[in-house]
Amino acid sequence: CSRYMGIIMEGIKITASPKWLQDRLISVGVRPISNIVDVTNYVMLELGQPMHAFDQNLVDEIVVRRAKDKEQIETLDGIKRQLDKNDLVITDSKKVIAIAGVMGGANSEINENTTAIILEAANFDFVSIRKTSQKLSLRSEASMRFEKSLDPNLCEVALSRAVKLIKEICPSAKVISNIADEKN
């Protein structure tokens, strides 16, 4: 992980996205889900930088590491997946919350009760993402982009854009943390 950026926002109210955002996602074949998830998808499509939002109330910290052999995660598609030491994961102090660059976990997903989020923009090794994606037979919009090797500087642009859009469509949202920016 050559760069990992994150920021916490609170005052989040999960609703349907505005019609303009839904229409733009639908026009490129992406199904609208909710305002926060739709913003992350929109920014990915607009800038080419995948993003992810975690429910901050379900996550106590963020750690990027290699998975342990036979460690498991239930991904957002509802499937339990077994990982090994070659897979890069995002964890908190207790559990795996995402397969880095591939798909988030059901245990930290945005839901109707979400009131605070951790917004992530990262840059992962393209070879690692490709191998994990192929091994798990799990290709996502994010993994397809990470597999092509992205510029780490896109993280900052995408995070800024997502925060701006979230504030526009969710007026009660506000940033409550400094920007975390870890670079290798």
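The values are calculated or read from the model by the stated rules, or taken from the named source; none is laboratory data. As the structure is a computational prediction, the values presented were derived from the model and not from experiment. Don't worry about glycine lacking a Cβ; one is built from the backbone with ideal geometry, like all the others, and counts go over all protein chains shown. Accessible surface is based on the protein model in full, side chains and every heavy atom, while ligands, DNA and RNA are left aside. Shrake-Rupley method; radii C 1.70, N 1.55, O 1.52, S 1.80 Å.
Run the dipole for the chain about the Cα centre, Lys and Arg Cβ at +1, Asp and Glu Cβ at -1, nothing else charged, and hand back the magnitude in debye, nearest 20.
360
Pulled fully out, how much extra length does the chain show between Ile79 and Lys164, if you take 0.36 nm times their separation in residues and subtract their Cα-Cα distance?
Gain on extension, Ile79 to Lys164, equals 27.3 nm.
With respect to the cross-link table entries Lys94/Lys174; Lys80/Lys131; Lys85/Lys135; Lys95/Lys164, which display a Cα-Cα separation exceeding 21 Å?
Distance filter (> 21 Å) returns Lys94/Lys174; Lys95/Lys164.
For Lys148, go through the aspartates and glutamates and keep the ones whose alpha-carbon is under 17 Å away, minus same-chain ones fewer than eight residues off.
Reachable aspartates and glutamates: Glu46, Asp125.
Extension gain Asp69-Val127, at 0.36 nm per residue separation less the Cα-Cα distance, in nm?
19.0 nm
Of the listed peptides 46-52, 171-177, 67-73, what is their order by residue-averaged count of other C-beta atoms within 10 Å, with the highest listed first?
The densest-packed peptide leads the list: 46-52, 67-73, 171-177.
Which lysines have a Cα lying under 21 Å from the Cα of Lys167, excluding residues fewer than 8 positions away in the same chain?
Lys13, Lys19
Hey, can you find the accessible area per residue of the stretch 65-159 for me, probe 1.4 Å, expressed in square angstrom?
About 48 Å² of surface per residue is accessible.
Of [x] 1.15; [y] 0.93; [z] 1.04, which one was derived for Rg/Rh (Cα atoms, Kirkwood Rh) from the structure shown?
This structure yields the entry labelled [y].
Exactly which GluC sites (Glu not before Pro) in the stretch 80-153 are in a DSSP loop and have at most 12 other Cβ atoms within 10 Å?
For GluC sites (Glu not before Pro) across the stretch 80-153 that sit outside H, G, I, E and B with at most 12 neighbouring Cβ atoms in 10 Å, the list reads Glu112.
Among rounded, prolate and oblate, which fits the stretch 96-166 when a ≥ b ≥ c are the square roots of the eigenvalues of its C-alpha gyration tensor, a/c under 1.5 means rounded, and a/b larger than b/c means prolate?
Taking the square roots of the gyration eigenvalues as a ≥ b ≥ c, the stretch 96-166 is oblate.
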